[in-house]
Amino acid sequence: MFSFCADPKSLEGAAWFACYLTSGTHLAMYWSVGTVMLLLALAAPAAMAFGFAGALAARSRAAPLALAGRGYIAMVRGVPDVVFFLFVPIAVDQGVEYLRHLWLCPDWTEPVRRGADFVVCPVAKMPPSTAPRFAHDAWAFALALLAFALVFGAFAANTLRGAIEAVPRAQVETAEAYGMTPAQAFRRVVLPQMWGYALPGLTNLWMILVKATPLLFLLGIQDIVYWARELGGSKTQVYAYPHPDWRVWYFAALLAFYLTLTWGSERVFARLADRLARGQATAAGERLRRGRA
Amino acid sequence: MKTVLIAAALALAAAGGAAAQTVRLGTEGAYPPFNFINESGQIDGFEREVGDELCRRAGLTCEWVTTDWDSIIPNLTAGNYDAIIAGMSITEERAKVISFTQNYFPPAASAYAALSADANVKGIVAAQVNTIQAGHVAESGATLVEFATPDETIAAVRNGQADAVFADKDFLKPIVEESGGALVFVGEEVQLGGGVGMGLRQSDTDLRDKFDAAIASMKADGSLNALIVKWFGADAATF
């Protein structure tokens, strides 16, 4: 980074720290904050999409659809999250490779499972072994994202289902009396009002999602927790910047990072809750009305 | 003449096809001086140099991947990479699941390190999970505490969680020497395993033969010994 960093072993004090904290591995750690934020930015809407689909399916009048929706919610909620995080990426990865193998290599006669080995033909590899490192990282990240969306989608589905059903039935009846179809009534009456009921549950989910991001590390993705452990560990003279066990400082930095993130989220959600409660016939709406009067 | 030309063309095509294939090498990146991640984020160490040279001699394009030690064998058999080169000792137990090349690092001693010379090596002993050292501690009658990374086994001894750590002596040596007397070797050294080799899928015999031949050629011309001395010092065991 700096020109005086060429020979780290000759440095002392502030110069040493300036070079140490801007080394390639530290820059990688700072970038990994971006990985965490990207996961949050993509996993939240993806989980909402899964959740909405799950909630609508579970409430559907078509029996198979309702069964699928309820089955999805019950299955994910009934299995430890970590098991799902370990299972989904491996299952999807091998499933995709197996389907590509059947599609791309119909003439391949050797079995795919040989003892402990899982071997598909080279062109079926996902991503192909010739792909750049970035492609491998992106694929692993996408699999992790899918696991997050599946797990958090099931919880969101239950929250959203409860919120849909919390909108007073009388309002839907009134909408129908005005001649709206069920779909119109849902879109114009239920959908705008349900968010106030859903928000506390969704806020909880977001907080849990933020705190679950270190599971990336479990899936072999180099997130901020991976780097904290890697960089914090004691380093001998083989390394350019030897130091004793500094993990406690790195984990303290992680603590500060996550606290800032959740504290900021709380503030955003508090404002959003006020916004959604305005004009609603709920305790929060009444409080806002009196406050303004 | 014509058949010779065709044969040569075929051989070239085969070689071209093989060269297009990228071989992914999996390592831990946390076991200096065998393998570690240097300050610019690259994999460095004895195995980095050996692996790059083996790939050059075998005519392969290689790419390095890091993975947790704990899942290094499952990730190989699942096809996430094609070879393990991570200070992994050749043992019968592992050879049931994966196949090994001949060793590129001779059988070496494992040793105990502790805070004082009178530490009890039959007390609580730290070792990295799924290592031959962990297996040995469990058999020795001591209480084994396992850790995911080698660094955590050292930290456990320093903060008093364990009486001693049991690991490859070549890994412990720089740590003990640089500890300023805080850590010392205790007890007897133990010879374990059949040296360090590369691990491959059992179905991948072609690749194993290629690396095997490359290791043999590095042993024959002394370049492997030169690398061992460079990374482990002049008193390290060589071939």
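The values are calculated or read from the model by the stated rules, or taken from the named source; none is laboratory data. What you are looking at is a predicted structure, and each value in this text was computed from that prediction instead of being measured. Positions of Cβ are generated from backbone atoms using ideal geometry, with glycine treated the same way; all protein chains shown enter the neighbour counts.
Can we say B:Gly181 is in a loop (DSSP other than H, G, I, E, B) and either of a type outside the set (Val, Ile, Thr) or at pLDDT below 95 (or both)?
yes
Hey, could you check segment B:191-206 for residues that are closer than 18 Å to B:Arg48 by Cα and buried (at least 18 other Cβ atoms within 10 Å of the Cβ) and say which is nearest to the other protein chains (Cβ to nearest Cβ)?
By that ranking, first place goes to B:Leu200.
Kindly check whether there is at least one residue in segment A:23-45 that is of a type in the set (Phe, Trp, Tyr), more than 23 Å from B:Tyr81 (Cα to Cα) and not in a loop (DSSP other than H, G, I, E, B).
Looking for residues that are of a type in the set (Phe, Trp, Tyr), more than 23 Å from B:Tyr81 (Cα to Cα) and not in a loop (DSSP other than H, G, I, E, B), one finds at least one in segment A:23-45, hence yes.
In the list A:Leu191, A:Leu218, which residue meets the criterion of being more than 19 Å from B:Leu172 (Cα to Cα) and more than 11 Å from chain B (Cβ to nearest Cβ)?
The match here is A:Leu191.
Would you confirm whether or not segment B:79-88 contains a residue that is touching a residue at least 60 places away in the same chain (Cβ under 8 Å), under 27 Å from B:Trp231 (Cα atoms), outside any loop (DSSP other than H, G, I, E, B) and of a type outside the set (Lys, Arg)?
Yes, because at least one residue in segment B:79-88 is touching a residue at least 60 places away in the same chain (Cβ under 8 Å), under 27 Å from B:Trp231 (Cα atoms), outside any loop (DSSP other than H, G, I, E, B) and of a type outside the set (Lys, Arg).
Has segment A:54-61 got any residue that is out of contact with any strand residue (DSSP E or B) (no Cβ under 7 Å at 6 or more places or on another chain), within 14 Å of chain B (Cβ to nearest Cβ) and surrounded by 15 or more Cβ atoms within 10 Å (Cβ to Cβ)?
For segment A:54-61, residues out of contact with any strand residue (DSSP E or B) (no Cβ under 7 Å at 6 or more places or on another chain), within 14 Å of chain B (Cβ to nearest Cβ) and surrounded by 15 or more Cβ atoms within 10 Å (Cβ to Cβ): absent.
From the list A:Tyr241, A:Tyr197, exactly one residue is touching an Asp or Glu at 6+ places or on another chain (Cβ under 8 Å), among the aromatic types (Phe, Trp, Tyr) and at pLDDT 90 or above. Which is it?
Answer to the selection: A:Tyr241.
Taking A:Val83 as the residue in question, decide whether it is closer than 30 Å to A:His136 by Cβ, more than 14 Å from every other protein chain (Cβ to nearest Cβ), without any contact (Cβ under 8 Å) to a residue 40 or more places away in the chain and among the hydrophobic types (A, V, I, L, M, F, W, C).
yes
Within segment A:82-92, is even one residue more than 30 Å from A:Val119 (Cβ to Cβ) and either surrounded by 14 or more Cβ atoms within 10 Å (Cβ to Cβ) or out of contact with any Gly (no Cβ under 8 Å at 6 or more places or on another chain) (or both)?
There is no residue in segment A:82-92 that is more than 30 Å from A:Val119 (Cβ to Cβ) and either surrounded by 14 or more Cβ atoms within 10 Å (Cβ to Cβ) or out of contact with any Gly (no Cβ under 8 Å at 6 or more places or on another chain) (or both).
Applying the selection to segment B:19-70, what residues are at positive phi and either crowded, with 20+ Cβ neighbours inside 10 Å or not assigned by TED's automatic domain parsing to the domain that holds B:Ile215 (or both)?
B:Gly29, B:Gly45
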